[in-house]
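The values are calculated or read from the model by the stated rules, or taken from the named source; none is laboratory data. Nothing here was measured: the structure is a model prediction, and the numbers come from that model. Please note: Cβ atoms are built from the backbone with ideal geometry, for glycine as well, and neighbour counts cover all protein chains shown.
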Amino acid sequence: MLKTFEGRPAATAGRGKDPVNEPMIRHWCEAMGDAHPAYTGPDAIAPPTMLQAWTMGGLSGHTDRSPAYEELFDLLDGAGCTSVVATDCEQEYLRPLRPGDVVTFDAVIESVSARKTTKLGTGHFVTTRMDVRADGEPAGTHRFRILKYAPAEKPAAQAAAQPTAEPAPETRTGTQPRPRRPRPVVNRDNQGFWDGVREHKLLIQRCTGCATLRFPWLPGCNTCGSPHWEAVEASGAGTVFSYVVMHHPPFPAFDPPYAVALVELAEGVRMVTNITGVPYDKVRIGLPVHLEFLRVDEELELPVFRGSEG
Ligand code: ZN
């Protein structure tokens, strides 16, 4: 039944409220802290990641949401899936957008998943694909995925236990399995990183255009804009650049207090990670650390860093 919505329009003949323009580009670049020279001057292009911004309805909204989309939402609401959360988006760029371009778009409901159980509750992932045109030419696609779900009921005991700390793992009762750590979102842009983790390698991207190293993984170079890169293996040496100690709020699968660190690798890039081998209150800025891989559960392994002094 839900499958019959696939391929039906989610929005037709949409039109951006404003043509591509320099003030919106400037505000975006300021908000993002992106000073790339391609986005200023007489030959300026819009940052590619602004693709969706040109299609947004703003506070007053668009009035062109399709009957199919409304019908699908009504159906899911009726099935108890009354909550919604955006999960991820993917974009492809076909040609640069320049000031003056008039943006038009159409969107289709690309897929509706079978009912899935997530930590938030059970529901359906709905993927919408928007095809964006500039002056009538294909400019890019924007895929947007939401989870429309029935919120999981919080067990009364768990709700009552907050805000005190969660019981230590060994004192948990056997009735409820320990919640699993959140899964990383693996996509085309970071697949290589997680392939590396599986082989116990911490891989950093290096731009083949200008040799700048980057982490976390991104599709392009922030320095020169090149989409070409190679992966290099980090030595595993690093130091704690900064850290926080998490006490509250408690998250399922984590036992506070624990340290979340920003580790600066010997290669110069930084990553957010956990520190092992050192109590949370002995983590300090400048602490030398070394890469190791933490087996979290049967599916998940994570690169973490072991403190090499107490
Ligand atoms: Zn580069």
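Among the residues making up the range 26-56, a single one is more than 20 Å from Ser226 (Cβ to Cβ) and touching a Phe, Trp or Tyr at 6+ places or on another chain (Cβ under 6 Å): Thr55.
Would you check if there is a residue in the range 181-197 being out of contact with any His (no Cβ under 6 Å at 6 or more places or on another chain), among the β-branched types (Val, Ile, Thr), in contact (Cβ under 8 Å) with a residue 40 or more places away in the chain and within 16 Å of the ligand (Cβ to nearest atom)? No, every residue in the range 181-197 fails to be out of contact with any His (no Cβ under 6 Å at 6 or more places or on another chain), among the β-branched types (Val, Ile, Thr), in contact (Cβ under 8 Å) with a residue 40 or more places away in the chain and within 16 Å of the ligand (Cβ to nearest atom).
Test of understanding: among Ala150, Ala165, Ala107, Ala157, which residue is modelled with pLDDT under 95, of a type in the set (A, V, I, L, M) and part of a loop (DSSP other than H, G, I, E, B)?
Going through Ala150, Ala165, Ala107, Ala157 in turn, the sole match is Ala165.
Name every residue in the range 23-68 that is within 20 Å of Val126 (Cβ to Cβ), in a helix (DSSP H, G or I) and in contact (Cβ under 8 Å) with a residue 60 or more places away in the chain, in order of residue number. Once the filter is applied, which keeps residues that are within 20 Å of Val126 (Cβ to Cβ), in a helix (DSSP H, G or I) and in contact (Cβ under 8 Å) with a residue 60 or more places away in the chain, the range 23-68 yields Thr55, Ala68.
The criterion of at least 2 residues that are in contact with a Lys or Arg (Cβ under 9 Å, 6 or more places away or on another chain) and within 16 Å of the ligand (Cβ to nearest atom) is met by the following strands (runs of 3 or more DSSP E) wholly inside the range 201-265: 203-207, 229-233.
Kindly indicate whether Pro256 is under 24 Å from His200 (Cβ atoms) and either touching a Cys at 6+ places or on another chain (Cβ under 9 Å) or touching a residue at least 12 places away in the same chain (Cβ under 8 Å) (or both).
So Pro256 fails the test.
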